[in-house]
Amino acid sequence: MSVGLKSSKLDSSSSLGNAPNLESTPPKHGGDLAYWQRKVGSKALNWLDLSSACNREPWPIPEIAPSLWMDLPDQADLLDEAERYFGRRPNAIGAGSQHIIESLPPMLLACQSSTQLVANQTVFVPRIGYQEHAFAWKKWGFDIAYYDALEELLEQEWAVAVVIQPNNPTGEIAPGKALSQLIAHAEQKGAHLVVDEAFIDACPELSLLNHQNSSDLSESLFIMRSVGKFFGLAGARVGFAFCASKWQAALNNLLGPWPVATASLYLVQLAFADKAWQSQALQGLKVRQAAFVERVMPKFNTIFDSQDYVLSPLFVTWFLDSEEYAKQVFEMLHQVGIHTRLGEGWIRVALPALDEMDALNSALIRLLKTEGGRELA
C-alpha cells in the first residue's frame, strides 16, 4: 500500500483543459520486500515482512485444475457467489480495486464531458491515505485537494470526494450518518463519492453496502471492495465495483473483457463460499490482536518512544515525532530482521500471524539490548 502525503491543501498544477499526464512518477508502496532483498542482498531473505497490511493468516489456497490456466475467464459464477457474500451483486470485477481506481477518472470524463464534472475540477482525498486515489485523478487532469475530517467535505465544492473506510494507515472509520450526508451532498451538487472499502471485510458490519436499501445505488456513489486484505489474496488481483446501473456498461467496457485470470476468479469464488474460514478468521484476528497488545506492543511503544498509535484489525500504526526519527527506527528494525511500512512520520506494522509472535518478540528484545536500541528507549 502506498499511503501518506504532505502537501498544500490544493494542488492545482494540472487542468482538465490539458492532455492527461501519463508520465508522472507513481507513489511508492508497502509490501515491497522483494525490492529490499534486491537492495541489501541475502540478509533480507529471512526478514519478517510486516510491511503489507494483508492478513498474515490468509485463506488457504487449494490445488486447482490445470485447465484453469487454459480457459478464457468467465465471471458468472463469481458474480453469483459475490452477490451472496456482499448481499448485493457487483456491477463490475477488475484486476484488484486498483484497476477500478484507474478506470473511474476516464469513465466519468467520457460520460459527463458537458456537465458539472468539467465545470468543477476538484477531487478531495484524505491527507493521509492510499496515494493511488490522488494519483489516478491527477493523471487525468483533475485538481487534487486534501481533507483532514469528513465534515470539511460538506462545506466544499467538489467533483469527486474519496473516502477510505476504514482508512489505511490512520484506521479512521467514517460514521454511517456522515457517509449518508456526503451521498446527499454529492447528489445535490451533481458530484460523486468514491468509498474504498478494501479493509472493511475485517469489520464487515461497517460496510456501506449494508445501508443501501434501494435496488439501485445512487448515481453519485461508487463503492469498491477487494480480496487482498482480509482474505490475504493480494496476488489474485480481484476487486469489485458497486455503482448505479447507469455506469455498469461504461465501467465494464473500460475494464475490458477478461480483466481477471480464470484461476483467480475460481479461487475467490471458493473463498467467498468458505463461511467456516471467514468466521474462524474474524475470531482469529481478535485473538492475534489481544496477543500482540499484551506481548509485543509495549516493546514497540518503547522503541518508537510513542504511544500515539491506532489499532486496526489488520495493522497497527504509530505516529512518531518526526520523519527523520521514523526513518531511523525503520532502519534499526531492519537490523534485527523486521520489515515494516515507513511513512512520513509514521510506521505501520501488520498484525503478525500467531506463529510469528515469538520471533517478533525476540527480535524486539534483541533490538532493545543493543546500544542503538537503548538509545531509542
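The values are calculated or read from the model by the stated rules, or taken from the named source; none is laboratory data. No experiment lies behind these values; they were computed from the predicted model shown. All Cβ positions, even for glycine, are placed from backbone atoms using ideal geometry, and neighbour counts span all protein chains on display. We work out accessible area using only protein heavy atoms, side chains counted, and drop any ligands, DNA or RNA first. Shrake-Rupley method; radii C 1.70, N 1.55, O 1.52, S 1.80 Å.
The residues listed here are Gly190, Gly171, Gly228; of these, the one that is at positive phi and within 12 Å of the chain's Cα centre (by Cα) is Gly171. The set of residues from the range 170-220 being charged (D, E, K, R) and part of a helix (DSSP H, G or I) comprises Lys177, Glu187, Lys189, Asp201, Glu205. Scanning the range 123-141 finds no residues that are acidic (Asp, Glu), in contact with a Pro (Cβ under 9 Å, 6 or more places away or on another chain) and surrounded by fewer than 17 Cβ atoms within 10 Å (Cβ to Cβ).
Hey, among Gly4, Gly17, which residue is over 26 Å from Gly256 (Cβ atoms), at pLDDT below 95 and open to solvent by 60 Å² or more (accessible area, probe 1.4 Å)?
Gly17
Condition first: part of a loop (DSSP other than H, G, I, E, B), of a type in the set (Ser, Thr, Tyr) and under 28 Å from Leu208 (Cα atoms). Can you find one or more residues in the range 237-248 that meet it? No: the range 237-248 contains no residue that is part of a loop (DSSP other than H, G, I, E, B), of a type in the set (Ser, Thr, Tyr) and under 28 Å from Leu208 (Cα atoms). Could you say whether any residue in the range 91-98 is of a type in the set (Val, Ile, Thr) and either open to solvent by less than 50 Å² (accessible area, probe 1.4 Å) or in a helix (DSSP H, G or I) (or both)? Within the range 91-98 (the criterion being of a type in the set (Val, Ile, Thr) and either open to solvent by less than 50 Å² (accessible area, probe 1.4 Å) or in a helix (DSSP H, G or I) (or both)), the answer is yes, since at least one residue qualifies.
Within the range 28-56, residues that are open to solvent by 50 Å² or more (accessible area, probe 1.4 Å) have Cβ atoms under 9 Å from residues that are β-branched (Val, Ile, Thr) in these pairs: His29/Val3, counting only partners at least 6 apart in sequence or on another chain. The set of residues in the range 148-169 being over 24 Å from Leu314 (Cα atoms), outside any loop (DSSP other than H, G, I, E, B) and open to solvent by 10 Å² or more (accessible area, probe 1.4 Å) consists of Glu151, Glu152, Leu154, Glu155.
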